[in-house]
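Undergrad: Supplied in structure tokens, the structure appears directly below.
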Amino acid sequence: MTNGPKRCHSCRTEHPTGVGFKRVRGNMLCGMCAARRKHRQAERSGAILWILFVATALAWVMDGPWALKSLLTVISLVWVVQVVIVILHELGHALAALLLGVRVRGIEFGRDGPVIFSLNMGDIAIRLRLLPLDGVTLLVPAQRDVRVRIIIFAAAGALTKVGLTAAAVTW
């Protein structure tokens, strides 16, 4: 790929430097079009999951076949458990950072799709996106002892999952 002029496959705008282009499914897209496409894909995935929830509820309310109800319920429960695990995992990172004296700038549950819930708690911005299957805890960079604090911060998310697994096994 050369760094000469490039034309975006989606918006057809020619960019003189070609910097910031991404190849998406064989097409060269500028950064804005690539982000828009990713956002639309996340919205479609989120809509499919919400349709799954509605289908599960209808299967139970309308007394559908037992196999269908069981399958839809298991898929829905796996998704709900994954979301709960992501939320607790990111909260584990944030709690560790706060206990270590590192300022937390924000917590995002889900990185794709539109924000469906937003809350500011002091200096911490909390955002829940349509598809919260992953997350990120944003820190304000610290000046001293940063290496030890970052290691403990990173381990806190994994330790939260270990604790959740231990609780699930003993329950």
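Undergrad: Residue 121 to residue 25: FRET efficiency via 1/(1 + (r/R0)^6), r the Cβ-Cβ distance, R0 45 Å, to the nearest 0.05?
TA: 0.70
Undergrad: Mean projection of the alpha-carbon convex hull of the range 79-166 over all orientations, in nm²? Don't skip to the answer; put the middle values down first.
TA: Values: hull surface 23.4 nm².
Seen from a random direction, the Cα hull of the range 79-166 projects 5.9 nm² on average.
Undergrad: OK, next. Please work out the C-alpha center-to-center distance from the range 118-142 to the range 72-86 and express it in whole Å.
TA: Between the Cα centre of the range 118-142 and that of the range 72-86, the gap is 21 Å.
Undergrad: Something else: In the P(r) worked out for the range 64-115, what percent of Cα pairs fall beyond 12 Å?
TA: Summing the P(r) tail past 12 Å for the range 64-115 gives 72 percent.
Undergrad: A further question follows. Please list the non-local residues whose amide H lies under 5 Å from the amide H of residue 106, H modeled 1.01 Å from N, same-chain partners needing a gap of 5 or more.
TA: 125, 138
Undergrad: So, one more: How large is the helix-only mean residue ellipticity at 222 nm for the chain, computed as the sum of -39500 (n - 2.57) over DSSP H runs with n ≥ 4, divided by its residue count, in deg cm²/dmol to the nearest 500? Numbers along the way, then the final one.
TA: Values: 3 runs with 90 residues, N = 171.
-19000 deg cm²/dmol, from helical runs alone.
Undergrad: A further question follows. Just to be sure I understand: of the beta bridges DSSP finds with both ends in the chain, what percent are antiparallel, rounded to 5?
TA: Antiparallel bridges: around 80 percent, rounded to the nearest 5.
Undergrad: Along the charge dipole of the range 86-171, which of 154, 166, 116 sits closest to the positive end, that is, farthest toward it, with unit charges on the beta carbon of Lys, Arg, Asp and Glu (+1, +1, -1, -1)?
TA: Farthest along the dipole direction, towards plus: 154.
Undergrad: Just the Kirkwood number for the chain, please: inverse of mean 1/r across all distinct Cα pairs, in Å, one decimal. Mind dumping the intermediate values first?
TA: On the way: mean 1/r = 0.0517 Å⁻¹.
Taking the inverse mean of 1/r over all distinct Cα pairs, the chain comes out at 19.3 Å.
Laboratory data are not the source of any read-out in this text; all were calculated from the coordinates shown. For clarity, every value in this text was computed on a predicted model and none was experimentally measured. Because the Cβ atoms are built from the backbone with ideal geometry, glycine has one as well, and the counts that use them run over all protein chains shown.
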